[in-house]
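Report on the structure given below.
The values are calculated or read from the model by the stated rules, or taken from the named source; none is laboratory data. All of these numbers come straight from a predicted model, not from anything done at the bench. All Cβ positions, glycine included, derive from the backbone under ideal geometry; neighbour counts span all protein chains shown. Note: accessible area is taken over every heavy atom of the protein model, side chains too, but ligands, DNA and RNA are not part of it. Shrake-Rupley method; radii C 1.70, N 1.55, O 1.52, S 1.80 Å.
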Amino acid sequence: MRSSAWSRFFTFPAMLITALCVSPFIASLDVQQGAPVIRDPDIWWHLRNAETLLSTHHFIRTDSYSFTTQGQPWINPEWLAEIPYYFGYRLLGDRGIFLVMLIAVELIVFGIFLLCYGRCGDVKAAFLASWIAVLFASINIGPRTILFGWLCFLVEILLLESYRKGRDRLWLLIPLFAMWINLHGSWLIGLAFLLIFIASGFVQGSWGSMEAVRWTLQQRNKLLAIASICVAVLFVNPYGWQLVAYPFDMIFRQQLNIHFVDEWHSVDFQTFQGKLVFVVFAGMFIFTLARRRPWPLHELLFTLVATYAALTHKRFLFLAGMILGPILAIELVGAVFEPYDSKTNKPLLNALFMAGYCAFAIFHIPSSAKLRSAESQYFPVAAIPQLQSSCANSHVFNAYEWGGYLIWNQRNIPVFIDSRTDIFEHHGVLADYLKAMSLDNPLTVLDRYQIGCVLLQPNSQLVTLLENSPNWHMQYLDATAALLVRTTR
């Protein structure tokens, strides 16, 4: 009896799933630290937003964190996704932030595995495809609100896949989009994929390896009705049409943001992720040619859209992983892996591996103290006391990446800029910041904003210029931060 229970629990599939659950820990490790680090510059102002909402019971509608756009209209498009991180912080400090991120990633990874296994029916192929998706996803793994957007997207794809197989739960898309609009602007991607899914059933035919099946009249009417209601519920949010319009503002009015922020850049094929993208795409192309598997039209369109988005903006590699993972799993079955045979199961060996994976995961859950210590490598932690004493009544020109950290940790001194890039681009502050940082009339920019202190990375060009200027002196310097104070007004 014990032997039978032992064999049922410590199976090869269970061992692979356990290994997959550990993958987010590995993907979250910082290359330099060899341990998890909270490096995302957005999380700090997200915490401040959530704190303000929960303490005042009013949604933020103007900027109160910077002196450059103080009082200007601003909406908080990710207000709902900020609250779990804030509760995590209140309960467990920085470790709570990490655990909220980890839970969101684990749910996404498990959902990707369900998609892959549902498509191919083989645990080994599903495991490898899911692991590749995790490597794609590492661009977004961190305490980020977009994780909740990707979780919604995954639920949508699971619902659409279920509908294709005859299980109709499409009504769940309505509450999903009602929540999604308040979590993250990625709802627009979800809506685009829903419309592609619907449009692919308006034609029927077979074209080489591509095939399409037309919806019945009842299916078509239901899909269109569901999509219409999903669009309608988007407007049920604290900001009305402004929140619905926000992703379009990003696409059409924030070109400097897209040019400046690294994750909006194209995939660099000289990096590990770039090489992985090439190998996956090349492998899928070869497998498709060799096996001549028919592609449903919606699946082909999903692949094309996800591939274009990922190659154009590496921010969307996570999207590509979720779409391409299940397709890759199908191609791996038979071509790479033989079907799993339960007769070859080795419970003791599986148990040892599972114990090792669990030990690795437990060991790599960092304490709040360890996370705070690691922050000093990326944020001006040690410079804060000197900033308080020397710049309390001055305008501070700060590094873009540090604005959020200062908003959360140094509340009495408004920032020049932070990673809420939209408002700073709309009011010309981002352009002025980039001019100053590239030494394009930097002194003119500093004078225009009446800057009395500059807090930047020590290796920046502006720091080198100012420390050799008679009007500025170095007040504080360490390996992470340089604080310069103006000596003349």
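Each residue in the stretch 110-128 was checked for being β-branched (Val, Ile, Thr), under 14 Å from residue 321 (Cα atoms) and at pLDDT below 90, and 0 pass. Checking the structure you have, find out if any residue of the stretch 266-277 is in contact (Cβ under 8 Å) with a residue 12 or more places away in the chain, under 16 Å from residue 309 (Cα atoms) and among the charged types (D, E, K, R). Among the residues of the stretch 266-277, at least one is in contact (Cβ under 8 Å) with a residue 12 or more places away in the chain, under 16 Å from residue 309 (Cα atoms) and among the charged types (D, E, K, R), which makes the answer yes.
So which of 396, 454, 463, 485 ends up being among the aliphatic types (A, V, I, L, M), touching a residue at least 12 places away in the same chain (Cβ under 8 Å), outside any loop (DSSP other than H, G, I, E, B) and open to solvent by 10 Å² or more (accessible area, probe 1.4 Å)?
Only one candidate passes the filter, namely 485.
Can you pull out the residues in the stretch 116-136 that are in contact with a strand residue (DSSP E or B) (Cβ under 8 Å, 6 or more places away or on another chain) and hydroxyl-bearing (Ser, Thr, Tyr)? Answer for the stretch 116-136, where residues must be in contact with a strand residue (DSSP E or B) (Cβ under 8 Å, 6 or more places away or on another chain) and hydroxyl-bearing (Ser, Thr, Tyr): there is none. Among the residues of the stretch 369-384, those that are among the aliphatic types (A, V, I, L, M) and either touching a Leu at 6+ places or on another chain (Cβ under 9 Å) or under 14 Å from residue 142 (Cβ atoms) (or both) comprise 371, 374, 383, 384.
Per the listing 158, 172, 91, the residue uniquely aliphatic (A, V, I, L, M), closer than 23 Å to residue 200 by Cα and free of Cβ contacts under 8 Å to residues at least 40 places away in the same chain is 172.
Among the residues of the stretch 116-136, the ones that are touching a Pro at 6+ places or on another chain (Cβ under 6 Å) and buried (at least 24 other Cβ atoms within 10 Å of the Cβ) come to 1 in all. Annotation note: of 394, 376, 390, the sole residue that is polar (S, T, N, Q) and under 16 Å from residue 38 (Cβ atoms) is 376. Within the stretch 369-390, the set of residues being open to solvent by less than 30 Å² (accessible area, probe 1.4 Å), closer than 20 Å to residue 416 by Cβ and assigned to a helix (DSSP H, G or I) comprises 384, 387. Just name the residue that is most open to solvent (accessible area, probe 1.4 Å) out of those in the stretch 70-96 that are touching a strand residue (DSSP E or B) at 6+ places or on another chain (Cβ under 9 Å) and in a loop (DSSP other than H, G, I, E, B). My answer is 70. The residues of the stretch 240-280 that are farther than 23 Å from residue 136 by Cα and outside any helix (DSSP H, G or I), listed by number, are 240, 254.
Yes/no matrix, rows are residues, columns are (1) closer than 30 Å to residue 251 by Cα; (2) outside any helix (DSSP H, G or I); (3) modelled with pLDDT under 85; (4) open to solvent by less than 60 Å² (accessible area, probe 1.4 Å):
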residue: 309; (1), (2), (3), (4): yes, no, no, yes
residue: 320; (1), (2), (3), (4): yes, no, no, yes
residue: 324; (1), (2), (3), (4): yes, no, no, yes
residue: 333; (1), (2), (3), (4): no, no, yes, yes
residue: 339; (1), (2), (3), (4): no, yes, yes, no
residue: 343; (1), (2), (3), (4): no, no, yes, no
residue: 348; (1), (2), (3), (4): no, no, yes, no
residue: 352; (1), (2), (3), (4): no, no, no, no
residue: 365; (1), (2), (3), (4): no, yes, yes, yes
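Out of 293, 315, one residue alone is basic (Lys, Arg) and outside any helix (DSSP H, G or I). It is 293.
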